[in-house]
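The values are calculated or read from the model by the stated rules, or taken from the named source; none is laboratory data. It should be emphasised that the depicted structure is a prediction, and the values quoted were computed from it without experimental measurement. Don't worry about glycine lacking a Cβ; one is built from the backbone with ideal geometry, like all the others, and counts go over all protein chains shown.
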Amino acid sequence: MPLVAHSALPTFDRLRQEGQTVLSEDYAFHQDIRELHIGFLNMMPDAAMEATERQFFRLVGASNHIAQFHIHPFTLDTLPRGEKAQAHIARHYDTFANLQEQGLDALIITGANPSQARLEDEPFWDGLCEVAAWAQQNVTSTLCSCLASHALVQHLWGIRRRPLGFKRWGVYDHVVTSPAHPLVNDLNTRFDVPHSRFNQVDRADLESVGVQVLAESAEGGVHLAVSPDLFRMVFMQGHPEYDQISLLKEYRRETQRWFSGVRDDYPPFPENYLRPKAKAILSEYRLELTAAKRLGQPLPDFPEKLLLTMVNNTWRDTAKVFYSNWIGKVYQITNNDRRKPFMDWVNPDDPLGLRGQG
């Protein structure tokens, strides 16, 4: 399913440079291939906004080539933005009002940077709930990432996330728990997913309201789950969209926060991610950083380039299969009219016809 560069969004050029197929709008117009229009609600902070675009767009574009993808990024006006991000949004992003009028076949909602103890006090809360309410009536399926999942299971069913007391941070082994569900068809029965969060929603709480868990980890908890209708809302607590070095960049940021006094303790290594040699290099860097902080010297350079060959991506292939499954099912049941969520024969309360099975 090739992406279509229907705007001048820089992410399209970056993906072309990586070797991804991205069609020009003129070329796409002359292909006799169906379009799928996917909304992309980007709630990430300014520093991560464009990287998040690339991560999700990359997975969508790697799906089966049975349709052309038009991804429509938008955000919420209530999120604080700097001047550069505001300019990027003004030039390249759509508005929610416009997308409501035109319609969407599917929707992806990113996580966000938490700033409040209670999710309902976050600046994104009201806007996110409004988008979700519209999507439930008008969009075939909505995919929610991490904090968006936490917020929406609270909004929809009153389930509050549980503080862990530490950061669940690293790459964790998962198993498929509902192998008959088409979203996990052809996934490895064991696979890795990165996690990065201080809170979680537990299996028992989700199952108490009819949410079905599709994949989970003994260490990392629930990763993938679906709403009681088994497709309209898809929830993830992990980050299969992460790049190979996303956790390394997070670790670098946390060492900088320690150096500047923002955090009191030195950050631990992300679990199950770094090779022994990489840990040794970073332990040496910690000594260098500690000495510089004690002596009032500038922040030493982080050895990122040296470490690039010492971290592995063990989750990307499984993520591609999952996204292909999700988009393939959207393609099968969404209406040709973007303003209608389903073909006429589809039951909105059981869109994949699964509830009477098993």
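Beta carbons closer than 8 Å, at least 6 apart along the sequence or on distinct chains, never pair a first residue in segment 248-270 that is assigned by TED's automatic domain parsing to the domain that holds residue 194 and at pLDDT below 95 with a second that is outside any helix (DSSP H, G or I) and among the β-branched types (Val, Ile, Thr).
Checking the conditions here, which among 347, 325 is outside the structural domain of residue 230 (by TED's automatic domain parsing) and either touching a helix residue (DSSP H, G or I) at 6+ places or on another chain (Cβ under 7 Å) or not charged (D, E, K, R) (or both)? Show your work before the answer.
Details: 325 fails: outside the structural domain of residue 230 (by TED's automatic domain parsing).
On inspection, the qualifying residue turns out to be 347.
Selection of segment 158-181 for residues being crowded, with 16+ Cβ neighbours inside 10 Å and outside any loop (DSSP other than H, G, I, E, B) yields 167, 168, 169, 170, 171, 172, 174, 176. A count restricted to segment 106-135 and to residues that are surrounded by 12 or more Cβ atoms within 10 Å (Cβ to Cβ) and either over 30 Å from residue 342 (Cα atoms) or touching a Gly at 6+ places or on another chain (Cβ under 9 Å) (or both) stands at 12. Only a single criterion out of (1) under 30 Å from residue 267 (Cα atoms); (2) in a strand (DSSP E or B) is not satisfied by residue 234, namely (1). Listed by first and then second residue, the pairs linking a residue in segment 119-136 that is more than 20 Å from residue 104 (Cβ to Cβ) to a residue that is buried (at least 19 other Cβ atoms within 10 Å of the Cβ) and of a type in the set (Gly, Ala, Ser), with Cβ atoms under 8 Å apart and 6 or more places separating them unless they lie on different chains, are 119/151; 122/112; 122/151; 125/151.
Going through segment 305-325 one residue at a time, which ones are within 16 Å of residue 193 (Cβ to Cβ) and either without any contact (Cβ under 8 Å) to a residue 24 or more places away in the chain or assigned to a helix (DSSP H, G or I) (or both)? Before the answer, list the steps.
To start, the set of residues in segment 305-325 that are within 16 Å of residue 193 (Cβ to Cβ) comprises 311-323, 325.
Passing the criteria: 316, 317, 318, 319, 320, 321, 322, 323, 325.
Of the strands (runs of 3 or more DSSP E) contained entirely in segment 22-122, those carrying at least 1 residues that are farther than 27 Å from residue 153 by Cβ fall at 22-24, 35-43, 68-74.
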